[in-house]
Amino acid sequence: KSGELAESMGFNLFLVGGIVRDMVMRIENLDVDLVVEGDGIIFAKALAEAFGGKVSPHEKYKTAVVRLPGGRRIDLATARLEYYRMPGAFPEVEESTLKLDLYRRDFTINTMAVALNPHRFGELIDFFGAQRDIREKKIRVLHSLSFVEDPSRILRAVRFEKRFNFCLGKQTVSLISSAVQAGFLRNIPGRRIFHEMRQILQEENPVRCMDRLHELKVLEAIHPDLVFDERIRESFVSVRETLFWFRLLYTHEKVRPWFLYCLALTEPMNPETVMSIAEALGLRREDAEMLLASRERVRELMKRLASLSEILPSKAFGILEDAALEEMLYAMSRSRSATFKKIFSTYVTSWRNYRPPVSGKDLLVIGFSQNPELGRCLREIRDQGLNGEIRDFAGAMDYART
Ligand code: ATP
């Protein structure tokens, strides 16, 4: 339908980028990126009108995002249609600006497009050997200045290599090495590096990406104190296992894997180093301070747990209830003892959802007044309940009366 709409407006429409790559590789991908040969913003508005969506245009870059009812998002970019007068036999030639658009992309595997206009609907366009590189399992740049143009592609290269179990092309590796040695990674805003780093930490297996970044000396080129040694690697592996365990609970709570990995990465560093790396990555001071505060809460929590002489559920609950879920999961990943692991997992799967069998209202009925006494009594009932001393409403009311 969108192809018909484009056709009626005199535009050419193409599906491009990751979704095409993933279609060819038979991997699910729901991110729709379109390129319009014509005017992406005018087309986005027409598309939104036709399907009842909302447009957020970006006039400067001639891009737009269309949000369709039901939450689907479509990204549109413009490749201008240009006509050149050519001397000789051809009076007017339509320059394929799609090709120029695709040539600006990072790796060959990301340069395919699928035509959507009705007369050529479904045609796979592959100017730069993407299908060959997918067959050969290679990540290759399109030209030798690629990493000079945009050094953040170095991180992207590693991300795709490890995600798809591909290999970097020989020349691509040597271009990465030169760019790293020349210090190009410090030529772009740190925020861009952080963005790509965060993408890596959101991958299914960031450990393999980090190994590769370490091997290619990318981390130290970003900041001399950024390391991925054996100890941090082990923390990463534990974080990954903990996240895996948590995902299988299907609680659908939002946790940010990258944040847990950042806690792991910065754990051995002193606060000054963390702030210096954060600055190099263009993080806001408040965000870096939040990371440090989380780190402190995790340390405190582990210290308090370790100091418990006997592990009563109510005592463990009292320590864990103030921690954010992400902090708790990180602490869980860090605990070596099976007993502590058990405490964390029981807290996450059961204790934190525990509701005492009586409410404040029940206590008011038997003569409690709304003062600290009521709150204290409810807390005690909760603790006794967690410890298995109070099991039901009658038991709780008896406890309250005495
Ligand atoms: P993912 O599956 O991780 O979303 P993707 O290929 O869709 O992978 P995006 O980061 O969403 O990756 O980028 C969309 C497209 O934009 C890519 O396929 C790539 O062609 C292009 N792109 C993104 N970043 C760059 C870059 N730094 N340089 C060149 N092209 C880029």
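The values are calculated or read from the model by the stated rules, or taken from the named source; none is laboratory data. Keep in mind it's a predicted model, so treat the numbers as computed, not measured. Note that we place each Cβ from the backbone using ideal geometry, even for glycine, and neighbour counts take in every protein chain shown. Heavy atoms of the whole protein, side chains included, go into the accessibility calculation; ligands, DNA and RNA do not. Shrake-Rupley method; radii C 1.70, N 1.55, O 1.52, S 1.80 Å.
Worth pointing out:
- Within the accessible surface of segment 153-287, defined with a 1.4 Å probe on protein heavy atoms only, the carbon and sulfur portion equals 49 percent.
- Heavy-atom accessible surface of segment 128-193, averaged per residue, reaches 49 Å², computed with a 1.4 Å probe.
- Accessible area per residue in Å² at 1.4 Å probe, computed on segment 14-83: 54 Å²
- Antiparallel beta bridges, as assigned by DSSP with both residues in the chain, represent about 75 percent of the total such bridges.
- Over 27 Å [Cα-Cα, segment 178-333], rounded percent: 27 percent
- Averaging 1/r over every pair of different alpha carbons in segment 261-316 and inverting the result gives a Kirkwood radius of 12.7 Å.
- Helix-only arithmetic for the chain: the sum of -39500 (n - 2.57) across DSSP H runs with n ≥ 4, divided by the residue total, places the mean residue ellipticity at 222 nm at -16000 deg cm²/dmol.
- One quarter of the convex hull surface built on the alpha carbon atoms of segment 305-349 amounts to 2.9 nm², the projected area averaged over directions.
- Lys/Arg +1, Asp/Glu -1 at C-beta; the chain dipole; positive extreme among Ile134, Ala331, Leu145: Ala331
- 1.4 Å probe accessible area per residue over segment 275-402, in Å²: 56 Å²
- Relative to the Cα centre, the charge distribution of segment 184-249, modelled as +1 at Lys and Arg Cβ and -1 at Asp and Glu Cβ, gives a dipole magnitude of about 300 debye.
- Segments 191-199, 40-48 sorted - mean Cβ within 10 Å per residue, highest first: 40-48, 191-199
- Amide H partners (placed H, <5 Å) of Leu168, local residues excluded: Ile139
- Of Glu310, Glu161, Glu203, the one that fluctuates the most in a GNM where the chain has Cα springs shorter than 10 Å: Glu310
- Here the dipole of the chain is about 520 debye; that uses its Cα centre as origin and unit charges on the Cβ of Lys and Arg (positive) and Asp and Glu (negative).
- For segment 219-299, the equivalent ellipsoid built from the Cα gyration tensor has semi-axes of 24, 16, 11 Å, listed from largest to smallest.
- Relative contact order (percent, whole number), segment 122-217, Cα cutoff 8 Å, 6+ residue spacing: 31 percent
- Under 5 Å from the amide H of Asn117 lie the amide H atoms of Leu13, each residue being 5 or more positions distant or on a separate chain, with H modelled from the backbone and absent for Pro and chain starts.
- Given Lys303/Lys361; Lys162/Lys342; Lys60/Lys137; Lys138/Lys217; Lys45/Lys99, the pairs whose alpha carbons are separated by over 26 Å: Lys303/Lys361; Lys162/Lys342; Lys60/Lys137
- With all pairs of separate Cα atoms included, segment 285-402 yields a Kirkwood hydrodynamic radius of 15.8 Å.
- Its Kirkwood hydrodynamic radius, worked out from the mean inverse distance over all distinct Cα pairs, puts the chain at 25.4 Å.
- Counted as membrane-span-like here are DSSP H helices of the chain whose alpha-carbon atoms extend 20 Å or more along the helix's own axis and whose Kyte-Doolittle mean is -1.0 or above; these are 230-247, 285-306, 372-386.
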